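The structure under discussion appears below in the form of structure tokens.
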Amino acid sequence: MAVRLRMATAADKPVVERLWQLYLHDLSAFEDTEPGASGVFGPGPYFDLYWSERARHPLLIQVHGRVVGFALVRRLDDGTHQMAEFFVLRGERRRGIGRAAALAVFERFGGWWEVAQLRDNGPARAFWRTVITEYTGGRYEERATDSPVAGVKQLFRASGQERSR
């Protein structure tokens, strides 16, 4: 299966916004998130920054040219990369797409990484532990997060090299 990452451009922003609705709908099972009166989930305070700040990288996940998800990667002040958001369409899950996309993201942005999951999102915790264990050979650290919906985060070093936009 040919999984490809592509940097999302300003022209792709509406595509990511539509996928964002599905992503937040999925997350609503694990946190107190509801759509507004219009039936639409809000984008949150940081969404727009992915198209204006150099330290934020919006990526589309594609399979055979079709968009099947996204990854929003943020570079923290200390140089650590953070998987801020990651989403694969439900119909595309359990086929290795998320795994391949995650590994490609780690390779695209080498160096130190932080990947966090919500406390109650057991499927995400299992997915990330499996992928990160495979990628690092089990060489990662897991800590509790400081989040209001406290969960866990994995910290590890990726071997890839950061590519510019």
Taking the full set of protein chains and a 1.4 angstrom probe, give the accessible area of LEU22 in square angstrom, rounded to the nearest 10. 80
Full-stretch length increase - GLU34, ARG4 - with 0.36 nm per residue and alpha-carbon distance subtracted: 7.7 nm
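Only Cα pairs under 8 Å and at least 6 apart count here; give the relative contact order of the chain as a rounded whole percent.
Dividing the mean separation by the residue count of the chain yields 20 percent.
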The stretch 37-129 shape via C-alpha gyration tensor axes, a/c threshold 1.5: rounded
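Take the alpha carbon gyration tensor of the stretch 1-83, find the square roots of its eigenvalues, order them as a ≥ b ≥ c, and report rounded if a/c is under 1.5; if not, report prolate when a/b exceeds b/c, else oblate. Each step should come with its number before you reach the end.
Working: a/c = 1.67, a/b = 1.19, b/c = 1.41.
Verdict is oblate for the stretch 1-83.
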Can you tell me how much longer the chain between SER52 and ASP77 gets when fully stretched, taken as 0.36 nm per residue apart minus their C-alpha distance, in nm with one decimal? 7.4 nm
Which Rg and Dmax, in Å, describe the Cα atoms of the chain? 15.2, 46
Which whole-Hz couplings ³J(HN,Hα) result when phi for each residue of the stretch 62-74 is put into the Karplus expression 6.51 cos²θ - 1.76 cosθ + 1.60, θ = phi - 60°, listed in order with x for Gly and Pro? 10, 10, 6, x, 8, 6, 10, x, 8, 9, 10, 10, 10
Test of the criteria: in the stretch 1-75, which trypsin sites (Lys or Arg not before Pro) are in a DSSP loop and have at most 12 other Cβ atoms within 10 angstrom of their Cβ? ARG54
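The values are calculated or read from the model by the stated rules, or taken from the named source; none is laboratory data. Keep in mind it's a predicted model, so treat the numbers as computed, not measured. Cβ atoms come from the backbone with ideal geometry, glycine included; neighbour counts cover every protein chain shown. Calculation scope for accessible area: heavy atoms of the full protein, side chains included, ligands and nucleic acids excluded. Shrake-Rupley method; radii C 1.70, N 1.55, O 1.52, S 1.80 Å.
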